[in-house]
Amino acid sequence: MDLDYFKLIDRVVDLNLDEKRITVEAQVPATHTIFEGHFPGFPTMPGVLLTEAMAQSSGWLLLGLLKFERMPFLAIVKEAKMRGFVSPGSLLTIEAKLEHEGSGFAVTKAKGRVGKELKCSAEITFGLTPFPDPTMRVHMDAMANKIGFPLQAITHD
Amino acid sequence: MSSTFDQIANIIAETCDIPRDTIKPESHAIDDLGIDSLDFLDIAFAIDKAFGIKMPLEKWTQEVNDGKATTEQYFVLQNLADRIDELVAAKNAAPGA
C-alpha cells in the first residue's frame, strides 16, 4: 500500500471473471504520517482510505471484465460500513464482486477483512468511460503488472 | 400490479428524495424533476434490477447527441415507461427466456 501515491492495492490474489469477483491484498504500512494524526496514541486506518481501497479493488475487477477497454471511475458509494478498526501493519484482504453491469456504469459490492474479521463493506457504483488519456492506459498496464494482475485471464474468452 | 410508470415513479421518489405526488407521467426527468446524470445512474441501477433489463443508456444518449432522437423520447416518464415495457417484452421474447 503506497499511501502517498494513493496506490492502495499490493497484489491480486484471485481473479475469477466467470464468477465476476476478485480478491486482492493490501498491506497497511506499519508507519506513516497519517497515523500520527489519525490518531495520536491510537493509530487506525481512516475509513475513507478503506473505502478507497474497496473502490480500487472493484476497479481492478471491472478493468478485467472490461478487458482494459474502458476505465471505471468512482461515482457513488453506498452503505459504506466501517465495522472494526484497522491498525498499522495489518494485512487487508478485499473481495469485490460485480453486482450489476449497466449501460455505461457498473455496481460492485466489496468487503475488507483482516484475517477472518470483517472490517469494512460497501456498495460502489462506477461510471465506465473510454480512457481519457493514453498515458493513463499505459500507466494502468504498468500497475497491473506490478500487482500481479493476471492479464492472460482477459486475453482469451 | 402497479403500472410501469408507477414503479419508476416510486424508484425516482425514493432514489432522489422527490415527493411522489409531484412525479407525473408527463414529467421530464431532467427538465422538470431536475435529475442529474449521477442520480440517473442510481435510478438506472434500480430500474435494471426491478425489471431484469439493461437500459441502453449509452445508445439513447448517443441518439440524442446525434440528433436522431429527442430527450423527450427517453426522459419523459411515460415514454421511459414505454421504452422499459419494450425492453421487457424483447427480453421475454428472446430464446431461452
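Only the coordinates and a few stated rules stand behind these numbers; no lab work does. Since the model is a prediction, treat every value here as computed from it, not as a measurement. Heads up, the Cβs are rebuilt from the backbone with ideal geometry, glycines too, and the neighbour counts pull from every protein chain shown.
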Open item on the list: Give the average over all directions of the projected area of the C-alpha convex hull of the protein assembly as shown, one decimal, in nm².
Closed with: 17.0 nm²
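Pairs of alpha-carbon atoms within less than 8 angstrom and 6+ residues apart define the contacts here; what relative contact order does the stretch A:48-157 have, in percent? Intermediate values should be presented prior to the final figure.
Working: 184 pairs, mean separation 33.6, N = 110.
The normalised contact order for the stretch A:48-157 reaches 31 percent.
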Open item on the list: Roughly how far apart, in whole Å, are the Cα centres of the stretch A:19-50 and the stretch A:75-91?
Closed with: 8 Å
TODO: Taking the dipole about the Cα centre of chain A, with the C-beta of Lys and Arg at +1 and of Asp and Glu at -1, give me whichever of A:ILE124, A:PHE42, A:LEU62 is farthest to the positive side.
DONE: A:PHE42
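Kindly provide the Kirkwood hydrodynamic radius of chain B in Å, to one decimal, from all pairs of distinct alpha carbon atoms. Could the numbers behind the result be given before it?
Numbers: mean 1/r = 0.0728 Å⁻¹.
Value: 13.7 Å, from the Cα pair sum.
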Open item on the list: Below 8 Å, C-alpha to C-alpha, sequence gap of six or more: please give me the relative contact order for the stretch B:2-91 in percent.
Closed with: 36 percent
Task: Mean residue ellipticity (222 nm) of chain A, computed from DSSP H runs ≥ 4 via -39,500 (n - 2.57), nearest 500 - done: -7500 deg cm²/dmol
Open item on the list: Take B:ASP21 and A:LYS146, extend 7 Å from each Cα along the Cα→Cβ direction, and tell me the distance between the two endpoints in nm.
Closed with: 5.7 nm
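Within 10 Å of each residue's Cβ, count the other Cβ atoms and sort B:TRP60, A:TRP60 from fewest upward. Before the final figure, lay out each step's value.
Working: B:TRP60 18, A:TRP60 22.
Fewest-to-most Cβ neighbours within 10 Å comes out as B:TRP60, A:TRP60.
Could you please report the charge total around B:PRO56, scoring K, R as +1 and D, E as -1 over all other residues with beta-carbon less than 15 angstrom from its beta-carbon?
Numbers: positive: B:LYS54, B:LYS59, B:LYS68, B:ARG83, B:LYS91; negative: A:GLU101, B:ASP48, B:GLU58, B:GLU63, B:ASP66, B:ASP82, B:ASP85, B:GLU86.
Charge balance near B:PRO56 sits at -3.
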Task: Estimated FRET transfer efficiency when R0 is 45 angstrom, pair A:PHE73-A:PHE42 (beta carbons, to 0.05) - done: 0.85
TODO: Any chance you could give the angle, 0 to 90 degrees and rounded to 10, that helix A:47-65 forms with the longest Cα principal axis of chain A?
DONE: 20 degrees
Task: Percentage relative contact order, the stretch A:1-85, counting C-alpha pairs under 8 Å, at least six apart - done: 24 percent
- [ ] Quick one: dipole size for the stretch B:2-91, taken about the Cα centre, charges +1 on Lys/Arg Cβ and -1 on Asp/Glu Cβ, in debye to the nearest 20.
- [x] 340 debye
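For B:ASN92 and B:GLN73, compute 0.36 nm times the residue count separating them, minus their Cα-Cα distance, and round to one decimal in nm.
Length difference between fully extended and current span is 4.6 nm.
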- [ ] Compute the length gained on full extension between A:LYS97 and A:ASP4: take 0.36 nm times their separation in residues and subtract their Cα-Cα distance, giving the result in nm to one decimal.
- [x] 30.8 nm
Task: Between the stretch A:117-157 and the stretch B:23-66, the Cα center-to-center distance that results, in Å - done: 27 Å
TODO: Between A:LYS116 and B:ASP6, with labels modelled 7 Å along Cα→Cβ, what's the label distance in nm to one decimal, could you check?
DONE: 4.8 nm
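Please order B:VAL64, A:VAL48 by the number of other Cβ within 10 Å, starting at the fewest. Walk me through the numbers on the way to the answer.
Details: B:VAL64 16, A:VAL48 11.
Least crowded to most crowded, the residues run A:VAL48, B:VAL64.
Net charge near A:LYS20: determine it from the other residues with C-beta under 12 Å of the C-beta of A:LYS20, scoring Lys and Arg +1 and Asp and Glu -1. All intermediate terms of the calculation are to be shown ahead of the outcome.
Details: positive: A:ARG21, A:LYS97, A:LYS109; negative: A:ASP18, A:GLU19, A:GLU95, A:GLU99, A:GLU101.
Around A:LYS20, the charge tally is -2.
By the scheme Lys and Arg +1, Asp and Glu -1, what is the net charge of all other residues having a beta-carbon under 9 Å from that of A:ALA110?
Values: positive: A:LYS97, A:LYS109, A:LYS111; negative: A:GLU95, A:GLU123.
My count for the surroundings of A:ALA110 gives +1.
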